[in-house]
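Peer 1: Here it is: the structure, laid out below.
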Amino acid sequence: MIHKNKDKIIIGLKKAQSLIGKIQEMVEQNQYCVDVMQQNLAAVGLLKSVHKQLMEDHINSCFADGMKSNNQKQKNQLIEEMIQVSNLYNR
């Protein structure tokens, strides 16, 4: 698995992890709901960005390599995996 965006992915995950800790503290301290929701949306945005980078890397490496194969079953499986991930993302 090649991650062209590995450094960006790790930074994004660390930022999201830190922000989630901050959100948890805000909830524990009964801070204003809108402030908590804004921070929550910021964390969601970070995770969406990480997902986009992971997807890009996957398509350009694992998926592209697999689609070069002569194995139609493997190609169908790769396509099905992409559909499943897209469906989960769009929930």
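The values are calculated or read from the model by the stated rules, or taken from the named source; none is laboratory data. Since the model is a prediction, treat every value here as computed from it, not as a measurement. When we count neighbours, we look across all protein chains shown, and the Cβ atoms used for this are built from the backbone with ideal geometry, even at glycine.
Peer 1: Take segment 46-81 and flag every residue that is of a type in the set (A, V, I, L, M, F, W, C) and closer than 30 Å to Lys14 by Cβ. Quick ask: steps written out before the conclusion?
Peer 2: Within segment 46-81, the first condition is being of a type in the set (A, V, I, L, M, F, W, C), and the residues that meet it are 46-47, 50, 54-55, 59, 62-64, 67, 78-79.
Across segment 46-81, the qualifying residues are Leu46, Leu47, Val50, Leu54, Met55, Ile59, Cys62, Phe63, Ala64, Leu78.
Peer 1: Now, a different point. For segment 6-78, which helices (runs of 4 or more DSSP H) that fit wholly inside it have 1 or more residues that are among the hydroxyl-bearing types (Ser, Thr, Tyr) and either farther than 22 Å from Leu88 by Cβ or in contact with a strand residue (DSSP E or B) (Cβ under 7 Å, 6 or more places away or on another chain) (or both)?
Peer 2: Working: elements: 6-28, 33-58, 64-67.
Helices (runs of 4 or more DSSP H) meeting the threshold: 6-28.
Peer 1: Go through (1) surrounded by 11 or more Cβ atoms within 10 Å (Cβ to Cβ); (2) without any contact (Cβ under 8 Å) to a residue 24 or more places away in the chain for Asp7 and report which single condition fails.
Peer 2: Going through (1) surrounded by 11 or more Cβ atoms within 10 Å (Cβ to Cβ); (2) without any contact (Cβ under 8 Å) to a residue 24 or more places away in the chain one by one, Asp7 breaks only (1).
Peer 1: I'm trying to understand the selection: among the residues of segment 63-77, which are over 18 Å from His3 (Cα atoms) and surrounded by 14 or more Cβ atoms within 10 Å (Cβ to Cβ)?
Peer 2: Lys75
Peer 1: Could you list, ordered by first residue, the pairs with Cβ atoms under 8 Å in which the first is in segment 11-30 and more than 14 Å from Leu47 (Cβ to Cβ) and at pLDDT 95 or above and the second is of a type in the set (A, V, I, L, M) and part of a helix (DSSP H, G or I), at least 6 apart or interchain?
Peer 2: Met26/Val36; Val27/Val36
Peer 1: Now for a different question. Going by what's in this entry, would Met26 be described as surrounded by 14 or more Cβ atoms within 10 Å (Cβ to Cβ), among the hydrophobic types (A, V, I, L, M, F, W, C) and in contact with an Asp or Glu (Cβ under 8 Å, 6 or more places away or on another chain)? Working first, answer last.
Peer 2: Details: surrounded by 14 or more Cβ atoms within 10 Å (Cβ to Cβ): yes; among the hydrophobic types (A, V, I, L, M, F, W, C): yes; in contact with an Asp or Glu (Cβ under 8 Å, 6 or more places away or on another chain): yes.
So Met26 fits the description; yes.
Peer 1: For segment 47-59, state whether one or more residues are touching a residue at least 40 places away in the same chain (Cβ under 8 Å) and among the acidic types (Asp, Glu).
Peer 2: Yes - at least one qualifying residue is present in segment 47-59.
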